[in-house]
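**Q** After the structure tokens below, expect a handful of questions from me.
The values are calculated or read from the model by the stated rules, or taken from the named source; none is laboratory data. The model shown is predicted, which means the values in this text are computed figures rather than measured ones. No Cβ is skipped: glycine too gets one built from the backbone with ideal geometry, and neighbour counts run over all protein chains shown. In case anyone asks, the SASA skips ligands and DNA or RNA and just uses the protein heavy atoms, side chains included. Shrake-Rupley method; radii C 1.70, N 1.55, O 1.52, S 1.80 Å.
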Amino acid sequence: MSLSNTLARVDADLAAGRVPLARQRLRGLVSSFPHDLTLRRRLAEVYRLYGDAAEAGRWMYLEEDRREDETAAFEDRYGSPAWRMRALAWRGPEALAATAFAQGQLAAVRAARAGESGRAVDWDDPASYEEGEDGYSAPEPGGWTLMGVLVGGGCAVGVLLNVAIWVLGLVTLVD
């Protein structure tokens with residue numbers, strides 16, 4: 001479905017009071033067109049209907065005329081630069097942003113995460129800016145660990161015991 005058709009459906013949904021459906025459609029559009037600031041603004045307006053200042057602030061974060069209370073709520077909810085990068089759902093270089101203000105905001109969030117993690121981060125590589133649940137960067141995936149071997153071995157022993165019990169039961173049943 002084209003952008004204009006989907007926006008027409010969003011307008012019809014809002015007029016009919018189907019706010020959750022309009023929100024869902026706009027979220028899909030922002031996902032498909034992450035550089036379109038007008039879609040982000042429309043999504044923020046829908047979140048204002050819900051009274052969700054943090055989400056309204058999230059989608060207005062790249063706008064110069066954003067509301068300070070919403071921006072503060074967004075920054076509180078997404079407390080670290082890594083979480084903010086993920087929440088902003090941007091893809092590509094900051095230069096794709098339509099305004100200098102948006103470019104500056106994106107660059108500031110990325111620079112804050114790079115400074116916090118001590119490595120370069122890239123909007124197109126979410127693994128470069130992800131955090132673990134404890135607030136620290138997740139370790140790079142790779143090689144075997146002792147814990148992984150122990151867990152895998154325990155699972156294998158459990159499966160073998162289960163199969164042995166089934167075979168023993170079948171042999172007993174046949175005899």
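**Q** Name every residue in the range 81-92 that is part of a helix (DSSP H, G or I) and either under 18 Å from Leu39 (Cα atoms) or open to solvent by less than 70 Å² (accessible area, probe 1.4 Å) (or both), in order of residue number.
**A** Pro81, Ala82, Arg84, Met85, Arg86, Ala87, Leu88
**Q** Residues in the range 41-59: is at least one among the aliphatic types (A, V, I, L, M), surrounded by fewer than 20 Cβ atoms within 10 Å (Cβ to Cβ) and closer than 23 Å to Val121 by Cα?
**A** Looking through the range 41-59, none of the residues is among the aliphatic types (A, V, I, L, M), surrounded by fewer than 20 Cβ atoms within 10 Å (Cβ to Cβ) and closer than 23 Å to Val121 by Cα.
**Q** Now for a separate question. Which of the residues spanning the range 26-75 are of a type in the set (Lys, Arg) and in a helix (DSSP H, G or I)?
**A** Arg27, Arg40, Arg41, Arg42, Arg48, Arg58
**Q** Related question: So which of Ala82, Ala95, Ala87 ends up being of a type in the set (A, V, I, L, M), touching a helix residue (DSSP H, G or I) at 6+ places or on another chain (Cβ under 8 Å) and over 29 Å from Ser2 (Cα atoms)?
**A** Going through Ala82, Ala95, Ala87 in turn, the sole match is Ala82.
**Q** Cβ-Cβ distance below 7 Å, separation of 6 or more or different chains: which pairs start in the range 1-26 with a residue that is over 16 Å from Tyr50 (Cα atoms) and end on one that is in a helix (DSSP H, G or I) and open to solvent by 50 Å² or more (accessible area, probe 1.4 Å)?
**A** Qualifying pairs under 7 Å: Thr6/Arg25; Arg9/Arg25.
**Q** Consider the range 108-129. How many of its residues are open to solvent by 50 Å² or more (accessible area, probe 1.4 Å) and not in a helix (DSSP H, G or I)?
**A** 6
**Q** Would you say Ala95 is open to solvent by less than 40 Å² (accessible area, probe 1.4 Å) and in a helix (DSSP H, G or I)?
**A** no
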